[in-house]
Each structure stands twice: as C-alpha cells, then as structure tokens.
1. Of all residues being touching a helix residue (DSSP H, G or I) at 6+ places or on another chain (Cβ under 7 Å) and under 12 Å from residue 251 (Cβ atoms) in region 166-196, which is surrounded by the fewest Cβ atoms within 10 Å (Cβ to Cβ)? Just the residue, please.
2. Among the numbered criteria (1) in contact with a Phe, Trp or Tyr (Cβ under 8 Å, 6 or more places away or on another chain); (2) at pLDDT below 75; (3) on the phi > 0 side of the Ramachandran plot, which one does residue 137 miss?
3. Can we say residue 71 is polar (S, T, N, Q), modelled with pLDDT of 75 or more and in a helix (DSSP H, G or I)?
4. Out of region 86-118, which residues are modelled with pLDDT under 80, assigned to a loop (DSSP other than H, G, I, E, B) and not aromatic (Phe, Trp, Tyr)?
5. Please specify each residue of region 104-114 satisfying the condition of being in contact (Cβ under 8 Å) with a residue 60 or more places away in the chain and either surrounded by fewer than 18 Cβ atoms within 10 Å (Cβ to Cβ) or not aliphatic (A, V, I, L, M) (or both).
6. Kindly provide the set of residues from region 115-132 that are out of contact with any Lys or Arg (no Cβ under 9 Å at 6 or more places or on another chain) and surrounded by fewer than 20 Cβ atoms within 10 Å (Cβ to Cβ), ordered by number.
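The values are calculated or read from the model by the stated rules, or taken from the named source; none is laboratory data. From a predicted model like this one, the values you see are computed outputs, not experimental measurements. Here the Cβ is made from the backbone with ideal geometry for all residues, glycine too, and neighbour counts use every protein chain on show.
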Amino acid sequence: YIAVNHQPGWDMFAGAEGLFALCAIPLVGVYVGWASELRRSLETLHHQRDRFVASVAHDIKNPLTGVIGLSLTLAEDASLDEEQRELASLIATEAQVAADVIEDLSVTALRNSGKFAIHPEAFDVLEDVAAAAQRIGAGVSAGSDRLVWADRRRFRQILQTIASNAERHGLRPFDFIITRVGGQISISLRDHGDGIPDQMIDRLFEPFGLAGISDHIQSTGLGLSSSRVLATLMHGDLSYRRGEAVTEFTLTLPAVQPSTSITTSEPSTEKPSA
C-alpha cells in the first residue's frame, strides 16, 4: 500500500519549500539590517541638510538686515531727489521680502533639527497689530483684553506673513479683529478677496505646498507653513476660513490675565494660567 500510493513529487516539493525557508531566514535578516541602515543614513542626511540650511540662512540674514537699514535711511535722506529715494525704498522692500523667505527657511530647518527656541513673555498685542495694519492700510477692532503669552519677535513674524499674504492676494478692505475666546486671544485678518482655491486648501500650511500648483498663486508656501509651526510652538494655532465673501486668517495665542506683569526676567515655555 505504501509503495503503491507513494508520491515522490510532493515529497520533493516539500523538501524544496523547507530548504527555501531555511535560506530565506538569513536573507530577511540581511534585508531588515539594510533597511535600518538606510533609514539611519537618510535621517543623518536630513539633519545635515537642516543644519546647513539654518547656517546659511543665518549668514545671509545678517547682511540683508544691513541692506534694509541702509536703504531705509537713504529713502528718508532729504539730500536725495525723489527718484533716488523711491529706488532706495524699493531696495528696502525687496530686501525685506528676501529676508522674510530666509527667516521662513531658518524656522523650518531649526524646527526639524529640534533646536528651535521660543522665548515667551506677556505683552499687549495691540501695538504690533496696529503697526502691521498701518503698513497695509487695514482697520483694527480690539477689545480691552489683549495680553498674550508668546514670543514677541515670532508673533511679529507671523503678523508680517499674514499681512503680506493679504496685501498680495487679498482684496480690500482689510480688517484686524482682536478678541478673547476662552483662554485664547484671537487675532484675525479679514479681506474680501476670492480666497484660496479649493484644491489648494489641504496644502495651504504644508512646506512648499503651494509651489507650482497654480499660476494664480506664486508662492512657496513657506511663510504660512512656518507661521503655523511658530503658533503651535507658542501653544496656539494659525487657521484659514472662507465664508460669506470674507477670507480670514486667524492666529490664536494663550491669554494671560490683565493683572499679569508685561515683563519677564527669564524666558519660559510654560503656559501661564488663563
């Protein structure tokens, strides 16, 4: 019976399958090791890239600051004629645009490298909002509760981004609205333009999310991306809303009680009690 029903073909197949399994085990180990090494190499390259970008951004930013300052001085020099002052003002404006891009690159690189520092303090947002509003001819509506706990330099950077964005892509009138909602101070900038096309909204706050996506918007998207990163690091957020013929970017930051001192002796990243 055994001799008649014996099927050597199946035995050979089972043996080959077992041999393959035995050979595959070390191969899988080699593959896993190779994949892990590749991942570590890629992570190292990414960190090196971010350090390089941050270093170059820092080196470029310093001379740009000098160009902006000197150009603004020339733009106010009464000894120059009107055309010369206009050219100096144009140089300052274009240098500021370049400086903003460099700052956005620096934020992105430092954030990815884990070396980005926030230095918060308590301050009233109205002065900085009013200055940003004056630059783009916007109105300002504000309540009496306006104290936030944030890095003031980074707050101004976000304001510059959303104000420039409205000026380039929005439609007047522009309006800043400052309100308190729960434990947050909300700073909104509204315009009456067409807003962001629907197909772009999901990529609005991604680094380079708007690059080349449409002829309608010529932007890398780094400004909005880095601004949201900054807002998040300060325990806030930056959001976009379109409704009722109004486009609105809203920055929220932790509120502090009006009785809180508006100066701090040492920076802290802890949120204050609202």
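1. First, pick out the residues of region 166-196 that are touching a helix residue (DSSP H, G or I) at 6+ places or on another chain (Cβ under 7 Å): 166-167, 174, 176, 178, 187, 189, 191, 193.
Now drop any that are not under 12 Å from residue 251 (Cβ atoms), which leaves 176, 178, 187, 189.
Values: 176: 24, 178: 22, 187: 28, 189: 24.
Top of the filtered list is 178.
2. Condition (2) is where residue 137 drops out.
3. Numbers: polar (S, T, N, Q): yes; modelled with pLDDT of 75 or more: yes; in a helix (DSSP H, G or I): yes.
It is true that residue 71 is polar (S, T, N, Q), modelled with pLDDT of 75 or more and in a helix (DSSP H, G or I).
4. 114, 115
5. Scanning region 104-114 gives 104, 108, 111, 112, 113.
6. Those that are out of contact with any Lys or Arg (no Cβ under 9 Å at 6 or more places or on another chain) and surrounded by fewer than 20 Cβ atoms within 10 Å (Cβ to Cβ): 116, 117, 127, 130.
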